[in-house]
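Undergrad: Below you will find the structure I want to go over with you.
The values are calculated or read from the model by the stated rules, or taken from the named source; none is laboratory data. Only a predicted model underlies this, so the values are computations on that prediction, with no experimental measurement involved. A quick note on method: Cβ atoms are made from the backbone with ideal geometry, for glycine too, and the neighbour counts reach across all protein chains shown. Please note that ligands, DNA and RNA were not included when accessible areas were found on the heavy atoms of the full protein model with its side chains. Shrake-Rupley method; radii C 1.70, N 1.55, O 1.52, S 1.80 Å.
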Amino acid sequence: MNLEMLDEIMRTYGYEESGVVAMLQDIQRKERYVPEAELRLVAERVGIPASRVYGLATFYRSFSLKPRGEHIINVCLGTACHVRGGARVMDKFTRDIGIQPGETTPDGKVTIEPVRCVGCCGLAPVVVVDEEVHGKMNQKKVSRIVEECRGVHREGVQA
Amino acid sequence: MPRVSVEELKAIRERFRGFRRLREGKARARVVVHMGACGLKAGGRNILSRLLAAREQERAGEEVLVTVSGCAGQCDQEPMITVEVEGEDPVRYGRLNEETAVRILEEHAIGGRVVSEFVCVPSRTSGGVP
Amino acid sequence: MACAGTGCLSNRSADVKKTLQEEIARHGLDDEVLVVSTGCNGFCEQGPILVALPDGIFYQKVTVKDVPGLVEKYLLGGEPVESLLYRPPGQKEAVARMKDIQFFRDQRPIVLRNKGLIDPESIDEYIGMDGYQAMVKGLLEMTPEQIVEEVKKSGLRGRGGAGFPTGVKWEFCRKSPGNGKFLICNADEGDPGAFMDRSILEADPHSVLEGMVLAARAIGASEGVVYVRDEYPLALRRLQIAIQQAGDYGFLGEDILGSGHDFRIRVVRGGGAFVCGEETALIRSVEGRPGRPVPRPPFPAQKGLWGRPTVINNVETLSNVPTILREGGEWYARMGTSSSRGTKVFSLVGKVNNTGLVEVPMGTTLRQIIFDIGGGIPGGKRFKAIQSGGPSGGCIPESLVDLPVDYEELTKVGAIMGSGGLIVMDETSCMVDVARFFLGFLMDESCGKCTPCREGILRMHEILTDITEGRGTMEQLALLEELALAVKDASLCALGGTAPNPVLSTLRYFRDEYVAHIRDRKCPAGVCRSLIHYRILSERCTGCTACARACPAEAVKGKKKEKHEINAEVCIRCGACHEACNFEAVQVY
């Protein structure tokens with residue numbers, strides 16, 4: 001992220017300590033994770049130790065300090081999804097893509113992450129792929145999503 | 001935008017109440033214009049706009065709902081409208097023109113008297129509308 | 001009206017709406033038919049949902065493909081499209097009108113009164129539903145003390161979990177010395193399995209804002225914060241639109257309606273931590289610090305945000321307030337039970353036919369909720385238990401299905417009201433696995449500040465893992481119980497204090513299941529992977545090869561049109577064959 005953009009984010013929250021979580025959220029929205037350089041810069045500009053920003057970024061579950069893939073597959077493991085077989089859906093994803101929950105494929109294309117409830121419990125089990133919600137999942141639908149993600153790659157390569 | 005006063009708030013409420021009645025289906029009477037392909041061809045659309053204008057003129061927007069539905073299954077009788085007054089059986093009128101339709105709105109939907117000369121069938125239900 | 005809640009949007013309701021508009025325009029009906037988006041209708045199981053007014057016809061599971069037919073047959077032809085109507089489970093007859101569908105008929109909507117009826121992005125439509133009338137009354141005709149009194153009279157209790165009387169909380173804060181009081185609306189719905197707050201914000205955000213203006217007036221606050229989950233992008237957007245509109249109309253800001261009352265609202269996005277449901281932790285999070293709880297007293301009503309007196313109310317609580325002031329506290333108190341007044345919104349999910357949000361008077365029995373409104377258990381399975389109150393709650397067995405639901409009754413049987421998540425479980429849900437699931441969640445979410453919670457939950461989770469993986473011993477079971485009681489007693493905040501509930505309640509009602517896992521090395525529900533086997537019933541197998549094609553481990557052997565078999569040594573027990581089989585030939589043992 002360029003400095004200007006980062007500065008704009010920090011300005012939105014008045015360079016204040018109470019806005020650090022929001023700054024990190026905005027950074028993550030752009031970069032898909034919170035890079036160390038940005039984290040250090042936030043600390044410097046806000047005027048607090050980097051350890052405190054790191055503390056926030058690790059306390060709150062929504063932040064990732066590792067780069068994440070182009071596609072982020074969030075498998076809901078909330079209660080409703082659990083009783084309707086969410087864990088099996090997760091297993092299928094990890095099997096098909098070949099990485100564990102929380103990991104990113106070596107080519108940087110796909111990240112699989114568990115989430116605790118996206119509030120669509122009526123459609124359990126639920127998967128969110130790049131902010132798009134897929135409800136009433138089963139193993140067959142997983143295969144389709146994995147194919148789609150891969151299909152998008154191919155198009156991406158051609159383009 | 002200027003701030004809204006208590007009076008203006010009331011006005012907004014009144015303005016959107018008709019909308020609410022439509023959505024809740026709470027009006028006292030309802031005039032259904034049958035606008036299937038047959039009704040449209042027979043001039044249903046003009047009847048609808050005349051009815052809406054007449055209702056405004058009579059300031060009956062609150063109590064009378066004007067809605068549309070599709071083919072009522074008696075295409076030869078088009079243009080048709082059905083008037084439903086709360087608590088009474090619906091009455092269907094047929095072979096109308098703009099003037100007779102407005103008269104039915106005024107006399108039946110607002111005034112409460114059935115205009116017998118245009119009644120096509122005393123329907124059990126409002127026909128096409130479930 | 002096209003439902004545009006998160007649930008239906010995920011089912012492509014936006015595309016359905018677009019196609020609908022195109023089709024309507026194509027038939028020249030744009031003047032007669034208005035297509036509007038609404039917030040979550042609550043009946044998410046059946047999404048995407050369209051409701052056609054004034055007839056009140058309820059169309060469900062509408063796809064883009066269905067739209068042209070719908071326009072021609074229904075809008076032009078006037079006949080409801082039979083195939084898109086709702087059919088109650090087990091019945092052939094379709095039900096056309098929304099008000100005749102039992103899911104809606106047995107509900108008593110107050111908080112959800114506008115859901116699916118108004119456009120959440122239009123303040124005028126909210127006003128058309130008597131919106132902001134209570135604000136006029138509260139700011140111009142009542143004193144703050146009278147507002148407090150009215151809410152006390154209504155008997156409204158906090159809908160976020162603990163059930164503390166709202167009026168008393170307000171009075172406490174009102175009387176606390178100190179200037180610059182704060183009101184916080186907690187919209188950080190953390191309970192996995194509950195989604196009413198998201199739904200309220202998506203469907204009727206102004207009701208929350210109006211409730212906040214009134215609450216702020218009652219306690220004497222001029223600043224408010226909505227602390228909302230960052231994972232709810234749609235709710236967040238609609239909330240921000242609503243705040244903007246209310247500000248434009250002068251319902252937020254300085255000197256509201258000339259009453260002299262100032263009130264501003266700011267939105268703070270949560271970072272996704274369950275512990276932030278705890279009031280002191282939430283306050284720290286709003287201050288921009290890690291959300292770790294601190295001991296009470298002092299209570300937030302005395303020393304809260306930035307050290308100033310603060311009231312924290314949940315979304316649903318605040319959304320009740322305008323109706324209470326408009327209709328009167330006594331009117332509200334006439335609904336419900338003697339200790340729990342009014343209605344409660346439940347999110348009914350899990351193994352039940354009609355999943356979604358339901359709002360019923362307190363005291364409605366679980367049976368009514370699950371079987372009358374919920375339509376019973378799918379697939380002819382047997383009801384086993386219902387989990388109430390999220391990770392801090394407990395499981396209630398079938399024998400107590402006639403329990404009237406209110407705060408006290410739920411606590412008596414070892415569960416809690418919590419935020420109103422009700423997860424239905426049938427005979428294929430393993431209670432030990434459910435307990436382990438909740439403990440796993442709490443283990444992740446424990447903030448780590450106090451030892452009983454941090455270490456105790458970890459150890460309990462270890463024991464439960466041993467049991468579900470077939471390594472459990474009876475001694476461990478005793479230790480589990482002892483640990484549970486210790487964590488309950490010794491934890492700093494409610495997260496740890498209630499964390500053992502899932503264990504204690506399942507031990508209380510389903511001890512035999514624990515014993516079956518330990519002694520017989522069997523999971524009676526067929527869930528725990530280490531203890532189950534898949535087998536193909538040869539009399540049902542048609543040799544269609546669906547299971548063999550689905551198997552990722554090549555464990556299914558058999559030729560086309562011949563009986564198939566599963567090689568247990570290769571089988572990874574993923575359940576793919578079970579899911580793939582159309583003849584229920586794959587059985588779990």
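Undergrad: Mind listing the long-range amide H neighbours of C:K522? Cut-off is under 5 Å, sequence gap 5 or more, other chains count too, H placed in the peptide plane at 1.01 Å from N.
TA: When sequence neighbours closer than 5 places are left aside, the close amide H contacts are C:H517.
Undergrad: For chain A, modelled as a Gaussian network with Cα springs under 10 Å, which listed residue fluctuates most, A:G19, A:G55, A:G108?
TA: Of the options given, A:G55 has the highest mean-square fluctuation.
Undergrad: Say R0 is 45 Å: what FRET efficiency, to the nearest 0.05, do B:E7 and A:I48 get from their beta-carbon distance?
TA: Values: r = 51 Å, r/R0 = 1.13.
Efficiency at R0 = 45 Å is approximately 0.35.
Undergrad: What FRET efficiency, computed as 1/(1 + (r/R0)^6) with R0 = 22 Å and r the Cβ-Cβ distance, is obtained for C:H533 and C:K563, rounded to the nearest 0.05?
TA: The value I calculate is 0.80.
Undergrad: Using the Karplus curve 6.51 cos²θ - 1.76 cosθ + 1.60 with θ = phi - 60°, work out ³J(HN,Hα) for each residue of segment B:29-34 in order, rounded to whole Hz, and write x for Gly and Pro.
TA: Computed from phi, the couplings for segment B:29-34 are 9, 9, 10, 9, 9, 7 Hz.
Undergrad: With a cut-off of 8 Å between alpha carbons and a minimum separation of six or more residues, what is the relative contact order of segment C:94-233 in percent?
TA: 30 percent.
Undergrad: Starting from the Cα-Cα distance between C:R26 and C:K381, subtract it from 0.36 nm times their residue separation and give me the gain in nm to one decimal.
TA: Between C:R26 and C:K381, full extension yields an extra 123.1 nm.
Undergrad: With every protein chain left in place, what is the accessible area of C:E330 in Å² (1.4 Å probe, nearest 10)?
TA: 120
Undergrad: Kirkwood Rh over Cα pairs of segment C:260-402 into Stokes-Einstein at 10 °C, 1.306 mPa s: D in µm²/s?
TA: Estimated via Stokes-Einstein, D reaches 86 µm²/s.
Undergrad: A further question follows. With every protein chain left in place, what is the accessible area per residue of segment C:431-520 in square angstrom, probe 1.4 Å?
TA: Accessible area per residue, segment C:431-520: 39 Å².
Undergrad: Output the DSSP H helices from chain C with an along-axis C-alpha extent of no less than 18 Å and a mean Kyte-Doolittle hydropathy no less than -0.5.
TA: C:205-219, C:233-248, C:315-327, C:431-445, C:451-468, C:474-490, C:501-519
Undergrad: If a/c stays under 1.5 just call it rounded; otherwise compare a/b with b/c (prolate if a/b is bigger, oblate if not). Do that for chain C, with a ≥ b ≥ c from the square roots of the Cα gyration tensor eigenvalues.
TA: Here chain C falls in the oblate category.
Undergrad: Find the centroid of the Cα atoms in segment A:98-123 and in segment C:299-344, then give the distance between the two in whole Å.
TA: For segment A:98-123 versus segment C:299-344, the Cα centre distance is 38 Å.
Undergrad: Could I ask something else about it? For B:R95 paired with C:E93, estimate the spin-label separation in nm (one decimal), with each label point 7 Å from Cα along the Cα-to-Cβ line.
TA: About 3.8 nm separates the two model spin labels.
Undergrad: Using modelled backbone amide H atoms (1.01 Å from N, in-plane), which distant-in-sequence or interchain residues come within less than 5 Å of C:T365's amide H?
TA: C:V405
Undergrad: Going by a 1.4 Å probe on protein heavy atoms, which residues of segment C:23-42 end up with at least 40 Å² less accessible surface in the whole assembly than in their chain alone?
TA: C:E32
Undergrad: A further question follows. Taking amide H positions as placed 1.01 Å from N in the peptide plane, with prolines and chain starts having none, which residues 5 or more places from C:D119, or on another chain, fall under 5 Å of its amide H?
TA: So C:D119 has HN proximity to no qualifying residue.
Undergrad: How would C:I377, C:I369 line up by accessible area, probe 1.4 Å, largest first?
TA: Numbers: C:I377 20, C:I369 0 Å².
I get C:I377, C:I369, largest accessible area first.
Undergrad: Over the heavy atoms of C:D512, what accessible area does a 1.4 Å probe trace out, to the nearest 10 Å²?
TA: Accessible area of C:D512: about 110 Å².
Undergrad: On to the next question. Tell me the carbon and sulfur percent of the accessible area for chain A, rounded to whole percent, probe radius 1.4 Å.
TA: Using a 1.4 Å probe with all protein chains present, chain A comes out at 48 percent carbon and sulfur.
Undergrad: If you don't mind, another one. In segment C:546-589, which residues have a backbone nitrogen under 15 Å from the label point lying 7 Å from A:S143's Cα in the Cα-to-Cβ direction?
TA: Only C:546-556, C:574-582 pass the distance filter.
Undergrad: Additional query: Of all the accessible heavy-atom surface of segment C:332-434, with the other protein chains kept in place and a 1.4 Å probe, what percent is carbon and sulfur?
TA: Ligands and nucleic acids excluded, carbon and sulfur give 48 percent.
Undergrad: According to the square roots a ≥ b ≥ c of the eigenvalues of the Cα gyration tensor, what is the shape class of segment A:1-57, taking rounded for a/c under 1.5, prolate for a/b larger than b/c otherwise, and oblate for the remainder?
TA: rounded
Undergrad: Starting from the residue with the highest accessible area, list C:F371, C:F182 in decreasing order, probe 1.4 Å.
TA: C:F371, C:F182
Undergrad: Still on this structure, I have one more. For a quick check of your reading of the filter: which GluC sites (Glu not before Pro) in segment B:80-112 sit in a DSSP loop and have no more than 12 other Cβ atoms within 10 Å?
TA: Sparse-neighbourhood loop GluC sites (Glu not before Pro): B:E86, B:E88.
Undergrad: Then there is this: Which pairs break 29 Å Cα to Cα here: A:K92/C:K488; A:K109/C:K449; C:K137/C:K412; C:K17/C:K99; C:K522/C:K557; C:K384/C:K560?
TA: Long pairs (Cα-Cα over 29 Å): A:K92/C:K488; A:K109/C:K449; C:K137/C:K412; C:K384/C:K560.
Undergrad: Now a separate question. Relative contact order, percent, of segment A:3-59 when contacts are C-alpha pairs under 8 Å separated by at least 6 residues?
TA: The normalised contact order for segment A:3-59 reaches 30 percent.
Undergrad: Rounded to the nearest 500 deg cm²/dmol, what is the calculated helix-only ellipticity per residue at 222 nm for chain C, with -39500 (n - 2.57) per DSSP H run of length n ≥ 4?
TA: Calculated mean residue ellipticity at 222 nm is -10500 deg cm²/dmol.
Undergrad: Sticking with this structure for a sec: Going by a ≥ b ≥ c, the root eigenvalues of the Cα gyration tensor, does the protein assembly as shown fall in the rounded group (a/c under 1.5), the prolate group (a/b larger than b/c) or the oblate group?
TA: Here the protein assembly as shown falls in the oblate category.
Undergrad: Using a 1.4 Å probe on the protein chains only, how many percent of the accessible area of segment C:2-105 belongs to carbon and sulfur?
TA: Result for segment C:2-105: 49 percent of the exposed heavy-atom area is carbon or sulfur.
Undergrad: May I ask for the accessible area buried between chains B and C, both sides summed, probe 1.4 Å, to the nearest 100 Å²?
TA: Buried area between the two chains comes out at roughly 2800 Å².
Undergrad: Turning to a different aspect of this structure: At a probe radius of 1.4 Å, figure out the A/C buried accessible area, summed over both chains, and give it in Å² to the nearest 100.
TA: Looking at A and C, the buried total is near 3900 Å².
Undergrad: Show me the three semi-axes of the equivalent ellipsoid for segment C:157-257, from the C-alpha gyration tensor (sqrt of 5 times each eigenvalue), largest first, rounded to whole Å.
TA: 23, 20, 10
Undergrad: Shifting gears a bit: At a 1.4 Å probe, which residues in segment A:67-102 are at least 40 Å² less accessible with all protein chains present than in their chain isolated?
TA: By number: A:T79, A:H82, A:V83, A:R84, A:R88, A:R95.
Undergrad: Using θ = phi - 60° and the Karplus form 6.51 cos²θ - 1.76 cosθ + 1.60, what ³J(HN,Hα) does each residue of segment C:305-313 get, whole Hz, x for Gly and Pro?
TA: 4, 6, x, 9, x, 9, 10, 10, 10
Undergrad: Can you give me the relative contact order of chain C as a percent, contacts being Cα pairs under 8 Å and 6 or more apart?
TA: Relative contact order here is 12 percent.
Undergrad: Taking the solvent-accessible surface of protein heavy atoms with a 1.4 Å probe, what is the per residue accessible area of segment C:39-143 in Å²?
TA: Value for segment C:39-143: 37 Å² per residue.
Undergrad: A further question on this structure: As a test of reading the structure, rank C:S222, B:S116 by solvent-accessible area (1.4 Å probe, protein chains only), most first.
TA: Of C:S222, B:S116, the descending order of accessible area is B:S116, C:S222.
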